[in-house]
Amino acid sequence: MVGAEVVVNANALFNFVFTYTGGKASYSGTVADDGRFNYAQFAGSANPVVLTPDGNYGLAAAGATKITSGTVTVNTYTDLTSGRTYQIEHANNAGLDGANGLSSETEQFYVNSALFSFTPRQQAASPPAPIPQKIEDFNGDATSDVLWQRGDGGLMIYSVSNNHIKTTPSIGSIGGEWQFKGLGDFNNDGITDILWRRGDGELMVYTIVDNQVKESSLGHIGAEWESKGIGNFNSDGTSNILWQRSDGEVMIYDVNANKIVGTSGTGHIGREWFFGGIGDFNGDGTSDVLWQRPDGELMVYTINADKITSTTDIGHIGAEWNFLGIGDFNGDGTSDILWQHVNGDLMVYQLNNNQVVGTPIIGSIGREWHFQDIGDFNGDHTSDILWERDDGGLMIYNVKNDQVITTPAIGSIGTEWRDLPLNAPAIITAGLPHA
């Protein structure tokens, strides 16, 4: 769910987020932690308490007419991140948010004897932009599919549902002069499109509708620019293209309806940094960029409205670990980083608010298996891992709560086919990129 966020006060306990619901112009209030306040679950049910670094804050009973220091009176809503329930009271309306119109209602509560009040901003009565697409989905069933390209340019999709290949449609072919550059949704229809670049710099999008290809020209870019990846850097729900020039300059192509509608210079990166991948590492619904230095140092460019808003050092990784890709392996809505040790062990860097908060080993894989892609192949909203064996056998590692829970075989593919993965990230091995 995406909506207009209203921050009460930088020192307050909560953020309040109002979201478009049910296809109608109605809203509900939601309490969500943006990572700054670090509050924990309620302790007990009869007299629930919010545990915070600054002390414990109790919640009063519904209908209370007086708010004492540190308490919040109630109507029940659900926490976006974890499903926990919090309770909020309107100062001038006992009904649900929107009953008297958002602009006429005021929320209030006390923190350390200080009263904080705000009036929610009215949001337009139309659906907000969807959360940036994170899966490779060519048929709109909200489950990841797999795109393959044959040596002669033929293209085929493995349509996957609940860890099973349902159909294998051919979607045509592409000439050898075109290079695959990534996958995204460039017309905001919820279906994955394919980005190609010709040797002369011409750009083209394959839009897929009912397994049929429609070609759209995106214009031209100079040879000094290299495409790095695809993400949603301005929160409009449509995929954008990240470019890096030979001198380190970084630029974003804003795309809408299969057309470039803007180009934004986003800054510069030193030659000692290599592109890793694109994800949402702070959970704000906008794509960020991961970089790695040859010594293993890791840095995130946090991006909002096509601009770098912060650069965060997130730690270091040893040379024995190879970068595989980016996904959400614990279902918390924030991107994580998948690594493979030279001995086959798999490790996830769990991120929250641009910080590594956990490094669980989620399993291991034999040397005969080769990483192919990350996606949600069983529709549980948690990322899974696709592997291909030397003989073409395919297997999925279904991941839940940072652990491999099942390893279904889903068929095979001929050796003449290669996977075209989501976002086509650069693979960093021993701190250095492969050719």
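What net charge do the residues around Gln350 carry, taking every other residue with its C-beta under 9 Å from that of Gln350, with Lys and Arg at +1 and Asp and Glu at -1?
Value of the local net charge: -3.
If you count only protein heavy atoms with a 1.4 Å probe, what accessible area per residue comes out for segment 272-404, rounded to a whole Å²?
34 Å²
Mean 1/r over all different Cα pairs, inverted: what Kirkwood radius does segment 288-364 give, in Å?
Every distinct Cα pair counted, the radius reaches 13.0 Å.
Work out the P(r) tail for segment 155-291: percent of alpha carbon pairs separated by more than 17 Å, whole number.
Distances greater than 17 Å cover 62 percent of the Cα pairs.
Mind checking which aspartates and glutamates have their Cα closer than 16 Å to the Cα of Lys400? Skip sequence neighbours fewer than 8 apart in that chain.
In chain and number order, the partners are Asp328, Asp332, Asp336, Asp376, Asp380, Asp384.
Segment 392-419 to segment 213-227: how many Å between their Cα centroids?
When both Cα centres are located, 32 Å separates them.
Find how much the distance from Asp313 to Asp210 grows on full extension, using 0.36 nm per residue of separation minus their present alpha carbon separation; answer in nm with one decimal.
Stretched fully, the Asp313-Asp210 segment lengthens by 32.7 nm.
What does the accessible area of Ile405 come to, in Å² to the nearest 10, when a probe of 1.4 Å is used?
Taking all protein chains as shown, Ile405 has close to 100 Å².
Can you list the residues, at least 5 places off or on another chain, whose amide H is less than 5 Å from the amide H of Lys228, using H built in the peptide plane?
The list, which skips near neighbours in sequence, is Leu242, Trp243, Gln244.
For segment 301-414, just run the numbers: alpha carbon Rg, then divide by 2.2 N^0.38 Å, N being how many residues it has.
Normalised by 2.2 N^0.38 Å, the Cα Rg of segment 301-414 equals 1.13.
Collect residues whose amide H, placed 1.01 Å from N in the peptide plane, falls under 5 Å from the amide H of Ile410; neighbours closer than 5 in sequence don't count.
Those qualifying (amide H under 5 Å, at least 5 residues apart or on another chain) are Leu394, Met395, Ile396.
Take the alpha-carbon positions of segment 174-217, form their convex hull, and give its projected area averaged over all directions (one quarter of the hull surface) in nm².
3.0 nm²
Please compute P(r) over all alpha-carbon pairs of segment 151-202, binned at 5 Å starting from zero, and give each bin as a whole-number percent.
Cα pair-distance distribution for segment 151-202, in percent: 5, 16, 18, 24, 21, 10, 4, 2, 0.
So for the pair Thr167, Asp141, with labels modelled 7 Å out along Cα→Cβ, what separation do we get in nm?
Taking the simple label geometry, Thr167 and Asp141 are separated by 0.9 nm.
Contact order normalised by length for segment 208-325, with contacts defined as Cα pairs under 8 Å and 6 or more residues apart; what percent is it?
That works out to 18 percent.
Counting Lys +1, Arg +1, Asp -1, Glu -1, what net charge surrounds Phe233 among other residues with beta carbon under 13 Å of its beta carbon?
-4
For a quick check: with amide H placed at 1.01 Å from N, whose amide H comes under 5 Å from Ile362's, ignoring anything fewer than 5 positions away on the same chain?
Counting only residues 5 or more places away or on other chains, the set is Leu346, Met347, Val348.
Along segment 355-362, what does the Karplus equation 6.51 cos²θ - 1.76 cosθ + 1.60 (θ = phi - 60°) give for ³J(HN,Hα), rounded to whole Hz, x for Gly and Pro?
10, 6, 10, x, 9, x, 7, 9
Whenever you get a sec, compute what percent of the accessible area on segment 195-266 sits on carbon and sulfur atoms (1.4 Å probe).
That fraction is 42 percent.
The values are calculated or read from the model by the stated rules, or taken from the named source; none is laboratory data. These numbers were taken from a predicted model, which means no experiment stands behind them. Backbone-built Cβ (ideal geometry, glycine too); neighbour counts: all protein chains shown. Side chains are part of the model used for accessible areas, which takes the heavy atoms of the whole protein and leaves out ligands, DNA and RNA. Shrake-Rupley method; radii C 1.70, N 1.55, O 1.52, S 1.80 Å.
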